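Read the structure below first, then the notes.
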Amino acid sequence: MVDVLADRVAEMTADEAVRQYAEEAAEAAGLAPDVSRVLDSSYREITVQVPLRRDDGSLLVAHGYRVQHNGARGPYKGGLRYHPDADLSEVRALAALMTWKTALLDLPFGGAKGGLQVDPTELSARELQALTRRFAVSLSHVLGVYRDIPAPDVGTNAQVMAWFMDAYSSRHGYSPAAVTGKPIDLGGAPGREPATGRGLVYILEAFARRYGWDLEEARVVVQGFGNVGSWVARELDALGARVVGVSDVKGAMFNDGGLDVAELVRTVEAGGSVVDADVSYVSLAQDELLTLECDVLIPAALGQCITKANVDRVRAALILEGANHPVTPQADAVLAERGIPVIPDILANGGGVTGSYFEWAQNIQQFTWAETRFNAELRERLTRVFDEVTDYVERHLCTYRRASYAIALERVARAVRLRGYV
Ligand code: GLU
């Protein structure tokens with residue numbers, strides 16, 4: 001663990017990593033340097049102070065951020081992360097990723113991200129609500145249905161979006177479309193919450209069809225058991241795949257015969273950790289989980305967990321990025337050399353923001369989706385984008401990441417030029 005942390009410091013920041021991925025793809029795709037220079041930095045970065053009177057009477061002064069990276073293709077779009085590491089550099093990286101993600105998915109949005117540097121697990125429900133309301137009001141002048149639309153991310157959920165939407169609406173009038181990932185009772189779309197996990201499975205199914213893989217009995221390892229990890233595990237289990245390893249912040253576990261996913265989900269829904277579940281397993285160190293031999297490794301927790309310190313020990317046949325930027329550029333180069341395909345975050349976890357697009361459209365049109373239709377549309381869109389990226393990979397003999405960035409960059413560059421920015 002100490003080695004991994006030391007290595008993170010020695011490699012690059014998330015922001016540098018995402019910029020490097022984009023720069024390399026821009027060069028390979030022959031993008032004009034002037035456009036690249038515009039895309040290399042954010043349009044707007046806001047830092048706000050968010051004070052909170054805690055339940056015990058003490059004062060907490062949290063810092064919050066909203067970074068709007070590029071809005072050439074439409075309103076800024078991206079989640080709100082509540083985490084002690086969600087500093088400006090991290091949020092900046094995540095905002096740029098959203099620009100590439102929405103463009104690759106061909107959604108009419110730009111890219112943004114928000115962060116609040118707190119540990120939400122240490123806050124009471126009253127404290128979390130108060131902090132969220134103040135954060136919403138502090139940012140409200142740069143947000144809006146056609147300006148910038150937040151959504152959940154690590155450390156936030158539908159309840160947080162409900163408070164955020166209410167605080168925003170109290171200033172600007174009823175605006176459900178100004179926030180996505182809301183509870184269904186407040187205009188949320190059925191299917192949005194599982195959409196990132198389901199989307200990962202739709203992409204994996206498309207990969208399996210294209211390369212003749214059988215997902216039944218495929219051995220899968222999922223790092224992280226939050227919204228994304230728990231849903232992908234649940235959906236893969238339903239398909240007959242064998243989920244042999246999972247983890248959360250409290251620990252990692254392994255069972256070669258397959259873990260009892262339903263019981264893990266029940267335990268986590270009741271507020272426990274996967275390691276408390278009444279299932280048969282062997283405990284692992286966090287880093288051991290990432291180096292288990294498996295068909296598919298799905299990092300679905302935080303960024304930069306596959307680094308040059310552990311990449312040589314990775315024994316997966318395929319990596320599907322459920323989290324944002326889980327693989328550092330140095331590790332990515334090693335994986336490419338070793339011939340281990342990596343389906344990048346901006347493609348693999350795109351089900352979340354695509355689901356947000358459906359919710360946004362539903363709120364604007366005052367229309368509601370049936371979940372079956374929502375899922376069918378999600379599957380169709382993600383499969384189409386996967387095929388498009390795979391065609392590019394086969395044509396240019398490059399990685400999925402390079403292909404995904406190249407397609408996204410070309411789209412954003414066209415919009416930037418058409419608007420006359422450069
Ligand atoms: N936070 C998710 C992501 O990183 C979803 C963003 C959204 O729905 O706007 O893609």
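Annotation for segment 4-74 versus segment 309-332: alpha-carbon center distance of 21 Å. Our summary of shape: the Cα atoms of segment 242-284 have principal axis extents of 26, 19, 13 Å, ordered from largest down, in whole angstrom. Restricting the GluC sites (Glu not before Pro) of segment 14-68 to loop positions (DSSP other than H, G, I, E, B) with no more than 11 neighbouring Cβ atoms within 10 Å leaves nothing. The label-point distance for Asp85 and Asp256, in a model that sets each label 7 Å from Cα toward Cβ, rounds to 3.2 nm. Applying the Karplus relation 6.51 cos²θ - 1.76 cosθ + 1.60 with θ = phi - 60° to segment 137-153 yields 3J(HN,Hα) values of 5, 5, 9, 4, 5, 10, 9, x, 3, 10, 10, 7, 10, x, 7, x, 8 Hz, where x marks Gly and Pro.
Taking a point 7 Å from the Cα of Ala317 along the Cα-to-Cβ direction, the residues of segment 247-283 with backbone N closer than 19 Å to it are 255-259.
As an exercise, identify the trypsin sites (Lys or Arg not before Pro) in segment 238-272 lying in DSSP coil whose Cβ has no more than 13 other Cβ atoms within 10 Å. Qualifying residues, ordered by number: Lys250. Exposed loop sites here mean chymotrypsin sites (Phe, Trp or Tyr not before Pro) with a DSSP loop assignment and at most 16 other beta-carbon atoms within 10 Å; the chain contains its longest site-free run at 214-366.
Rounded to two decimals, the Cα-based Rg/Rh of the chain, with Kirkwood Rh, is 0.94. When the Gaussian network model of the chain links Cα atoms closer than 10 Å, the mean-square fluctuations of Thr132, Thr291, Thr372 top out at Thr372. Normalised by the number of residues in the chain, the mean separation of alpha-carbon contacts (under 8 Å, six or more apart) gives a relative contact order of 18 percent. In terms of the Cα gyration tensor, with a ≥ b ≥ c the square roots of its eigenvalues, is segment 233-376 rounded because a/c is under 1.5, prolate because a/b exceeds b/c, or oblate? Oblate, because a/c is 1.5 or more while a/b does not exceed b/c. Footprinting exposure proxy ranking of Ile298, Ile46, fewest other C-beta atoms within 10 angstrom first, gives Ile46, Ile298.
Under the simplified labelling scheme, the Arg209-Arg147 pair shows an inter-label distance of 4.2 nm, with each label point 7 Å from Cα along Cα→Cβ. Straight-line cross-link reach from Lys77 at under 20 Å between alpha-carbon atoms covers these lysines, not counting any fewer than eight positions away in the same chain: Lys101, Lys113, Lys182.
Over all pairs of different C-alpha atoms in segment 28-148, the reciprocal of the mean inverse distance, the Kirkwood hydrodynamic radius, equals 15.2 Å. The stretch between Ser58 and Phe367, if pulled fully straight at 0.36 nm per residue, gains 106.7 nm over its current Cα-Cα span.
What is the P(r) of segment 73-205, as percent of Cα-Cα pairs per 10 Å bin from 0? So the P(r) values, bin by bin, are 13, 43, 37, 7, 0. Gyration tensor analysis over the Cα atoms of segment 144-261 returns equivalent ellipsoid semi-axes of 35, 16, 10 Å (largest first, whole Å). Taking the DSSP bridge list for the chain and keeping only pairs wholly inside it, about 50 percent are antiparallel.
Each Cα pair under 8 Å and six or more residues apart adds its sequence gap; the mean of these over the residue count of segment 32-104 is a relative contact order of 28 percent. Normalising the Debye intensity of segment 325-398 to I(0), with uniform scatterers on Cα atoms only, and taking log10 at q = 0.26 Å⁻¹ returns -1.20.
No lab work stands behind these numbers, since they all come straight from the coordinates. Everything numeric here is computed off the predicted structure, so don't read it as measured data. Cβ sites come from the backbone with ideal geometry, for glycine too, and all protein chains shown count toward neighbours.
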